[in-house]
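**Student:** Below is a structure I'd like to ask you about.
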Number of protein chains: 2
Amino acid sequence: MEEKLDKVRFLVRDVRDYPKKGIVFKDITPVLKDPEAFSSVIESMAAKLSEMEFEYIASIEARGFIIGSALAYKMGKGFIPLRKKGKLPYNTISREYALEYGNAAIEMHADAVSKGSRVVTVDDLLATGGTSKAATELVAEAGGEVACLIYFIELEFLKGREKLGGNKVISLIKY
Amino acid sequence: MEEKLDKVRFLVRDVRDYPKKGIVFKDITPVLKDPEAFSSVIESMAAKLSEMEFEYIASIEARGFIIGSALAYKMGKGFIPLRKKGKLPYNTISREYALEYGNAAIEMHADAVSKGSRVVTVDDLLATGGTSKAATELVAEAGGEVACLIYFIELEFLKGREKLGGNKVISLIKY
């Protein structure tokens, strides 16, 4: 499995100055385009979660959906979308989080999880952890328990884990 | 399979006056939340595509990602995200399409498909077909061929199919 992840790591593309000058963006689209590499990502995540009891995978719009939905399908779990403000049609709960300038919000349907159910949150990338922290708060407010947070890529130098308190955090590839 | 899709249809939730007054929105989140129903959707689509030769699944942000990525994983195909303007990090090609008021654009990485490869486009919903038509044009511009367009839900009264010319169009549930 580690060997397969080496191929995956090789396919992640550095794009300079996106979304703005000075940032090196980790572009995962070459991984997604390669069926074998994409499968390795999903299967590695499933292997890391195989001993864990949980009912739902909650994913963050939009790249998180790509990883989370294939993983939910593979593991036979329910899929819960966390979306940007105004994008979910039914009754929602909402959490703001800080961006570099100003705030953004993510939302979840208030009836998305049943009380006491266990939820794994999935996203493509752990950076500063702001969105992920908001996601864990939404799961708790809806009556669920966060089983763990799992990421395809972790940018360790941004110390996102530190923001996520006592939660279990797993990532496949670290930079 | 048809019986399973009856359960799926039962789970699709009508939300009135979303995104604006007078619209009845088809909310698929109760389907996604139910692992059996979600699996039925992916497996029904895979069955409908089983005889078709193609290499890639191209999906439209953001709900399209949820269906398309699980389907790409299930069928062992490459996954290509089509995103809103400015959301893809590398060199892109772009198509505008008409909204009720004004225009929007979707983009695809210029190197997303290899020349002559066959692509199935996936979205959750076929309404007026404007976004889908733009998607087929992007696939062609990148050098690919559209094998077919597949949808979870089709709103037949909006006649989106008519906009999609000679392309093969498949949907699981029609209203």
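**Student:** Give the stretch B:130-146 a look and list any residue that's crowded, with 24+ Cβ neighbours inside 10 Å and not hydroxyl-bearing (S, T, Y), or say none.
**Tutor:** Answer for the stretch B:130-146, where residues must be crowded, with 24+ Cβ neighbours inside 10 Å and not hydroxyl-bearing (S, T, Y): B:A135, B:L138, B:V139, B:G144.
**Student:** Which residue is surrounded by the fewest Cβ atoms within 10 Å (Cβ to Cβ), if the candidates are limited to the stretch A:57-96 and must be among the hydroxyl-bearing types (S, T, Y) and more than 7 Å from chain B (Cβ to nearest Cβ)? Lay out the reasoning, then the answer.
**Tutor:** Residues of the stretch A:57-96 among the hydroxyl-bearing types (S, T, Y): A:59, A:69, A:73, A:90, A:92, A:94.
Add one more test, that the residue is more than 7 Å from chain B (Cβ to nearest Cβ), and what stays is A:59, A:92, A:94.
On the way: A:S59: 30, A:T92: 20, A:S94: 15.
Once the filter is applied, the top-ranked residue is A:S94.
**Student:** Right, here's the next one. Being of a type in the set (V, I, T) and under 12 Å from the mean Cα position of the chain (by Cα) narrows it down to one residue among B:I42, B:I57, B:I106; which is it?
**Tutor:** Numbers: B:I42 fails: under 12 Å from the mean Cα position of the chain (by Cα); B:I106 fails: under 12 Å from the mean Cα position of the chain (by Cα).
Exactly one residue qualifies, and that residue is B:I57.
**Student:** Here is a further query. Can you pull out the residues in the stretch B:38-56 that are in contact with a helix residue (DSSP H, G or I) (Cβ under 6 Å, 6 or more places away or on another chain) and at the interface with chain A (Cβ under 9 Å from one of its Cβ atoms)?
**Tutor:** Residues satisfying the conditions are B:F38, B:I42.
**Student:** Among the residues of the stretch B:1-25, how many are facing another protein chain (nearest Cβ under 9 Å) and either touching a residue at least 12 places away in the same chain (Cβ under 8 Å) or part of a helix (DSSP H, G or I) (or both)? It would help to see each step written out before you state the result.
**Tutor:** Residues of the stretch B:1-25 facing another protein chain (nearest Cβ under 9 Å): B:13, B:15, B:18-19, B:25.
This time we only want the ones that are either touching a residue at least 12 places away in the same chain (Cβ under 8 Å) or part of a helix (DSSP H, G or I) (or both), so: B:13, B:15.
Summing the residues that are facing another protein chain (nearest Cβ under 9 Å) and either touching a residue at least 12 places away in the same chain (Cβ under 8 Å) or part of a helix (DSSP H, G or I) (or both) in the stretch B:1-25 gives 2.
**Student:** Also: Please determine, by comparing only the residues of the stretch A:120-153 that are more than 13 Å from A:M108 (Cα to Cα) and among the β-branched types (V, I, T), which one is nearest to the chain's Cα centre (by Cα).
**Tutor:** A:V122
**Student:** Continuing with this model, one more query. Please indicate, with yes or no, whether at least one residue in the stretch A:154-175 is within 14 Å of chain B (Cβ to nearest Cβ) and modelled with pLDDT of 95 or more.
**Tutor:** Initial filter on the stretch A:154-175 (within 14 Å of chain B (Cβ to nearest Cβ)): none.
Checked against the condition, which is being within 14 Å of chain B (Cβ to nearest Cβ) and modelled with pLDDT of 95 or more, the stretch A:154-175 yields no hits at all.
**Student:** What's the total number of residues in the stretch B:26-50 that are under 26 Å from B:R118 (Cα atoms), touching a residue at least 40 places away in the same chain (Cβ under 8 Å) and of a type outside the set (A, V, I, L, M)?
**Tutor:** Residues meeting the conditions: 3.
**Student:** Could you please find all residues in the stretch A:148-169 being among the aliphatic types (A, V, I, L, M) and either assigned to a helix (DSSP H, G or I) or touching a helix residue (DSSP H, G or I) at 6+ places or on another chain (Cβ under 8 Å) (or both)?
**Tutor:** Going residue by residue through the stretch A:148-169, those that are among the aliphatic types (A, V, I, L, M) are A:149-150, A:153, A:155, A:158, A:164, A:169.
Within the stretch A:148-169, A:L149, A:I150, A:L158, A:L164, A:V169 qualify.
The values are calculated or read from the model by the stated rules, or taken from the named source; none is laboratory data. Quick caveat: nothing in here was measured; it's all calculated off a predicted structure. Using ideal geometry, Cβ is built from the backbone for each residue, glycine included, and neighbour counts are taken over all protein chains shown.
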